[in-house]
Amino acid sequence: IGGGWGRMARLANGDWISVTTRFPTGSESYLRIRRSADQARTWQTISEVKETGRTLDNGELVALPDGTLLLTMRSLIAGQSYRLPVYASGDGGASWTYRSNIDTSEGNGTDGLWEPDFLSLDDGRLAVTYSNETHPGYNQVISERISGDGGTTWGAETWAVAQIGGGNLRPGMSQVAKMGNGEFILVYEVVNSGRADVHCKFSADGVNWPPGIGTRIPLHHAGPFVAALPSGL
């Protein structure tokens, strides 16, 4: 069984939770949840999330202030159905209950939704950015939605990144972090620009982003990740 696309979140007690995709031969991919109680040195599998007849990937975790752990992902039947479901756990990832769906694209030949990324905002709300192929005239945009109730419902879609006027550029694989100066940085690849060149944008609140495709980061290509250090860097 192959695996990939790892993401992690830290619980209030200091334990770490990870999600990875598992690719068994001859059946749908699913997500495996593991836990570490020794600063990520060793890991124990505690649960798995599967959806019958659908392939799962791009798992993403966030720990809410009340201790609830949320998990989202892309769930699809290729060319027919694309969803970004949210599951919740109240026992540190040992069990999961369906909570909501961030966005849906349904129908034969439909376009895809991919790579959701959670962001906890300063005002207590939860944001998610994700790759979205569903808008006519745009090869792909990075969409954003906001939840004020812990991921139970989601507000209207806005665009964090889109080629002005549309076109063949594909911004995607978004990742967000809060910097030491209080601002938020958004990094993402732009396929069909160089070698999937990585770009960035900055926002005071994590919700309102400058228009356009953003600023290219030299020498960085494809699938970026960003994190803020305790020093503020």
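The values are calculated or read from the model by the stated rules, or taken from the named source; none is laboratory data. What you see is a predicted model, and the numbers here were worked out from it, not measured in a lab. A quick note on method: Cβ atoms are made from the backbone with ideal geometry, for glycine too, and the neighbour counts reach across all protein chains shown. Each accessible area value is taken on the protein alone, full model and side chains, heavy atoms only, with ligands, DNA and RNA left out. Shrake-Rupley method; radii C 1.70, N 1.55, O 1.52, S 1.80 Å.
Expressed in Å, the radius of gyration and Dmax of the Cα atoms of the range 115-233 are 13.8, 43. Taking one quarter of the surface of the C-alpha convex hull of the chain gives a mean projected area of 13.3 nm². The residues of the range 112-233 have, on average, 45 Å² of accessible surface per residue, using a 1.4 Å probe with all protein chains present. Taking Cα centre as origin and charging only the Cβ of basic (Lys, Arg, +1) and acidic (Asp, Glu, -1) residues, the dipole magnitude of the chain rounds to 520 debye. The stretch between Thr153 and Ser27, if pulled fully straight at 0.36 nm per residue, gains 42.2 nm over its current Cα-Cα span. Taking Lys and Arg as +1 and Asp and Glu as -1, the other residues whose beta-carbon sits under 15 Å from that of Ser174 total -3.
Below 14 angstrom from the Cβ of Ala12, what's the summed charge of the other residues (Lys, Arg +1; Asp, Glu -1)? Could you put the intermediate results ahead of the total?
On the way: positive: Arg10, Arg35; negative: Asp15, Asp66, Asp91.
Around Ala12, the charge tally is -1.
Among 58-67, 214-223, the peptide with the highest mean count of other Cβ atoms within 10 Å heads the list, and the full ranking is 58-67, 214-223. Among residues other than Ile213 with Cβ under 13 Å from its Cβ, the summed charge is +1 (Lys and Arg +1, Asp and Glu -1).
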